[in-house]
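Structure, as structure tokens:
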Amino acid sequence: MRKIIQFVFLCFSTVLFAQQQTVTYSINPAVFEETQSITITINGSSVNEATWGVTNNALYLWAWSFDINDSNILDCPTNGTWDNSSETNRLTYNSGNDTYTMTITPTTFYNRTNIGRIGFLVKAKNGNGDKKSQDILSEVGAFQMSLLSPTENSLTIINSGTNVSIVAQNTGGNATYAVTANGTPITCSTAATSFFTCGDTNVTSTKVYQVSATIGTTTISKRFTVIVNPGTISSALPTGMEDGINYNASDATTATLVLNAPFKDFVYVAGSFNNWQPTTAYAMRKDPTTGKFWLTLTGLTPGQAYTYQYWVCDVTSRPANSPAVVKTADPFSTLVLSPFDDPEIQSLGVFPNLPQYPTGQEREVTVLQTGSSTLFSYNWSSASANFQKPQKKDLNIYEVLVRDFDANRTYQDLINRIDYFKNLKVNAIQLMPVMEFEGNMSWGYNTVYHMALDKRYGPPTKLKEFVDLCHQNGIAVILDIALNHAFGRSPLVRMWMQDADNDGWADAVATTTENPYVNQYATHSYSVGSDLNHFREPDNLTNTYVVRTIRHWIQEYKIDGFRWDLTKGFTNQCTSGDETCTNGYRSDRVAKLKWYADKQWEIDPNFLVIFEHLGTGGSYTEEVEWANYNRNGNTGGIMQWRKMTDPYAELLKGNFSDITGVAESTNRFIGYAESHDEERVGYKALNEAGQTQGNLAKVHTRMAAMGSVLFLVPGPKMNWHFGELGMTNSLWTCNAGNVSYSNPDCKLDTKPQPQWTNNWMADANRLNVYNTWSRLMDLKASQNVFENGSYSWNISNTGRPRLDVWTSTTSTANLSYVIVLTNFSDATYNAVGGFPYAGTWANLMDNSTFNVTNVNMAISIEPGGFRVFGNQPALSNSSFDVMQFIELAPNPATTSFMVNAEVKNVTLYTLTGQLVKSFENLSINQSYSIEELSKGMYIAKIEAANGLSKTVKLIKE
């Protein structure tokens, strides 16, 4: 299929594969030339628009074309994107006869000439979720040629010495035929004919044949391949070789390829180094001890990017519906090229110097490049060599989907925003999966090559630059990794796939029982893609694959941690529909994931290991056991995700909420109010019944306060991107900006970028959330009391939870007692201070001090407000300048401005120093008028209660 399907899936959700609709259609005229106008008609009764969530008869063509030789496939330039078709390709609905039509001229519509065949399908504007028809193909021109035997693009295995018979026919008159084998002409009849036969005798080597038919100045060519069975070429595997590419450190002109393909008879290596026409010299040797296939390539040019793939062949005891020949890239690829995804990547320019996909080939190919200067070469700074990861309890993790972080959807976007992360005081950034996935717009969980970087976000050097820059700024980088499963393009699936309809893709039951990597059916209740088998003994190839993947990302990219997706799938003790079994205590899962954790710590004793388990019952017992797994003392201990979305949403709305579960006694549960998989708490607060419904300013005020009882709770914490800017856009926001939970489900859609396009950093209310959370995260990560203290909750007063954290209940010279008071209500709250002793205390949000004479003194807290008190100021003014975050907005202003924090004074001066206006005791969420001032630029002096001040420019328009 030419289209790019985004097979992206939700963590911990059962995935149902939608069946494509088969539409009926006509093309008029049926036989046409590329410069001739044609009308495509779709029978409306054959389209069930409701199942695709289509309204107003909005159906679209997704189109592509082949050149006259049935290669060089190009997308129609007006397609748009799979999740947002261009209006140019919208079909016209004709209510009188219930049809959809479009009239096109192929050369104009496809913007090319020498078209041999056109292809298209019908889809909803957003095609995610398989909202599409079958592929429709139509030949172009009265002159057509077809191969009858062997068929076009076929792969036929023969024994050495076999004769090959070629049969072809054409329309449009008699044609002159010619045949080449591996580029060399073979003797055939040159008489013009519409029915052609030819033979190649005593074929002893694999050959790629091209059959060409010519009428006048038009030539059509078709290809097929015959593969000679070389028999078993037994030869010992050189020592020290691993699966995949083995580079020779002392000889950059050679590389050794190793493939472990049990139950397969022989394998050829086809690539740019043999013009994709492998002779017997490129038949892989087979190690008699391990059964692995291997081949050493010689004569390579250092620095040159080569491409190759394996032709994996099976002739004995082949399972039913299993192809005799499968073309696939190396499962241990670190960079692959794709005929499906790369054209868009090339056009976007997001991967400079990306090698071209080889013309005339199919399926993914692996990139091989020897020498010291390669696509992966990067000079790491000393910061990465000496990077010290944050302690687990100090972690402030920022979860990011590169695709939706900024408009260009690249690593460069993250690099450009490093100050944004640094000022927010996060100390770890967690990237959703960046391994090679199907399509170019995905959450990344539809992984196909776990060791290869997906190219859509940029080249390997850019990810390395981002990691290095993070390390220079004290920020760890964690990768989300989906090793529970693989998707259909993966060699782990393809080499043992079932393909009953012979279309080159795996069937619904994707694999045979021979597959040493993949279970034929999922052995847990969360079936996603093809379920990897982590327990097949005695030769556990999946374990080898996983450990190699772990090592690659740690050593090659200096990654600091993994968040393991869907860990409940790491069991072979259940069936696909058994939820009770999957959520029970599974001994094989516990042992296997401990073993994988050990493998990570063997490489890096301080590696951050995180599981997305979200356990209940027995599976929660597993989480506690993993959290307490102290193989290496403090460097051991596996962290777990702790979802708290609903409790924090209820807290924002002013309802009773038990948020105490955000942490757990092991201090290795990563508490969060939001993640990529849960609805935004701000959206829930703004749209659901409660005190904040419909009041955006109130939501933002309370979101700032929410941080005090989230980030200051001891233990690691996480924030999903843009929660810190008061994001209230639904996770189910469609790329068009509307919200839809079904028909279509827009959860996986690419998201609009209002945080940048609308300059949210200039919005006082949103900036207040950012600055408040920054201060809170800085406190948590920098102060020992949160690292080693005890803590207690009081949630009995609805909407007014209290948090105490302490290392001492008596007076000390350091910060040893912290009190957090909150007021998620609409009324002023006179809270009982509850100080453990009298004396000088500090407001830790600005380091101002005050005297406590009565430990139960009343603390007045405004609606939606909070207080964080400590027995000592947390940091000196030199190490933390709270003023850096205080801003006036909007700026430029027209009639008034707001300030994003409570300040003592704002004084306005002209550029010559003349005082024109002053304001005292300013509050957030309140406008201050400057309507009477003349247009121009002013100097604003902002003074805080602690005596600190700053000056900014304020423009009056």
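Tabulated data
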read-out: Output for region 579-632, where each listed residue is free of Cβ contacts under 8 Å to residues at least 60 places away in the same chain, aliphatic (A, V, I, L, M) and surrounded by 18 or more Cβ atoms within 10 Å (Cβ to Cβ); value: V590, L593, A597, V609, A627
read-out: Residue that is surrounded by the fewest Cβ atoms within 10 Å (Cβ to Cβ), among those in region 457-476 that are assigned to a loop (DSSP other than H, G, I, E, B) and of a type outside the set (S, T, N, Q); value: G474
read-out: From T334, T328, residue being crowded, with 21+ Cβ neighbours inside 10 Å, under 24 Å from N502 (Cβ atoms) and at pLDDT 95 or above; value: T328
read-out: Pairs with Cβ under 6 Å, 6+ apart, first in region 672-700 and among the β-branched types (V, I, T), second surrounded by fewer than 17 Cβ atoms within 10 Å (Cβ to Cβ); value: none
read-out: Residues of region 803-846 classified as within 17 Å of N784 (Cβ to Cβ) and not in a strand (DSSP E or B), total; value: 11
read-out: Matching residues, region 786-802, being in a helix (DSSP H, G or I) and not polar (S, T, N, Q); value: F786, E787
read-out: Leading residue by the ranking (nearest to S347 (Cα to Cα)) among those in region 55-86 that are under 27 Å from the mean Cα position of the chain (by Cα) and in a loop (DSSP other than H, G, I, E, B); value: P77
read-out: Residue among T41, T92 that alone is hydroxyl-bearing (S, T, Y), modelled with pLDDT of 95 or more, crowded, with 17+ Cβ neighbours inside 10 Å and more than 30 Å from R223 (Cβ to Cβ); value: T41
read-out: Given (1) assigned to a loop (DSSP other than H, G, I, E, B); (2) surrounded by fewer than 16 Cβ atoms within 10 Å (Cβ to Cβ); (3) without any contact (Cβ under 8 Å) to a residue 12 or more places away in the chain, index of the condition Q520 fails; value: (2)
read-out: Among the residues listed as N900, N946, the single one being farther than 21 Å from T701 by Cβ and at pLDDT below 85; value: N946
read-out: Condition met for L779 (hydrophobic (A, V, I, L, M, F, W, C) and either part of a loop (DSSP other than H, G, I, E, B) or without any contact (Cβ under 8 Å) to a residue 12 or more places away in the chain (or both)); value: no
read-out: Given (1) more than 33 Å from the chain's Cα centre (by Cα); (2) at pLDDT 95 or above, index of the condition Q277 fails; value: (2)
read-out: V546, sole failed condition from (1) free of Cβ contacts under 8 Å to residues at least 60 places away in the same chain; (2) surrounded by 16 or more Cβ atoms within 10 Å (Cβ to Cβ); (3) touching a Phe, Trp or Tyr at 6+ places or on another chain (Cβ under 8 Å); (4) not basic (K, R); value: (1)
read-out: Selected residue [surrounded by fewer than 24 Cβ atoms within 10 Å (Cβ to Cβ), among the hydrophobic types (A, V, I, L, M, F, W, C) and touching a Pro at 6+ places or on another chain (Cβ under 9 Å)] from L483, L479; value: L479
read-out: Residue match in region 421-428 (condition: closer than 30 Å to S490 by Cβ, under 20 Å from the mean Cα position of the chain (by Cα) and modelled with pLDDT of 95 or more); value: yes
read-out: Residue ranges of strands (runs of 3 or more DSSP E) in region 136-231 with at least 2 members farther than 28 Å from G504 by Cα; value: 176-181, 195-203, 207-215
read-out: One residue from T447, T512 being of a type in the set (V, I, T) and surrounded by fewer than 24 Cβ atoms within 10 Å (Cβ to Cβ); value: T512
read-out: Long-range neighbours under 6 Å by Cβ, at least six apart or interchain, first residue in the same structural domain as Y110 (by the TED database) within region 60-71, second polar (S, T, N, Q); value: Y60/S85; Y60/N89; L61/N89; W62/N79; D67/N114; I68/N114; N69/S221
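Conditions tested, residue by residue: (1) in contact (Cβ under 8 Å) with a residue 60 or more places away in the chain; (2) aliphatic (A, V, I, L, M); (3) surrounded by 15 or more Cβ atoms within 10 Å (Cβ to Cβ); (4) touching an Asp or Glu at 6+ places or on another chain (Cβ under 9 Å).
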position	(1), (2), (3), (4)
T81	yes, no, yes, yes
S86	no, no, yes, no
M102	yes, yes, yes, no
N111	no, no, no, no
R117	no, no, yes, yes
A124	yes, yes, yes, yes
D130	yes, no, yes, no
Q134	yes, no, no, no
L137	no, yes, no, no
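The values are calculated or read from the model by the stated rules, or taken from the named source; none is laboratory data. Just so you know, these numbers come straight off a predicted model, no measurement behind them. Don't worry about glycine lacking a Cβ; one is built from the backbone with ideal geometry, like all the others, and counts go over all protein chains shown.
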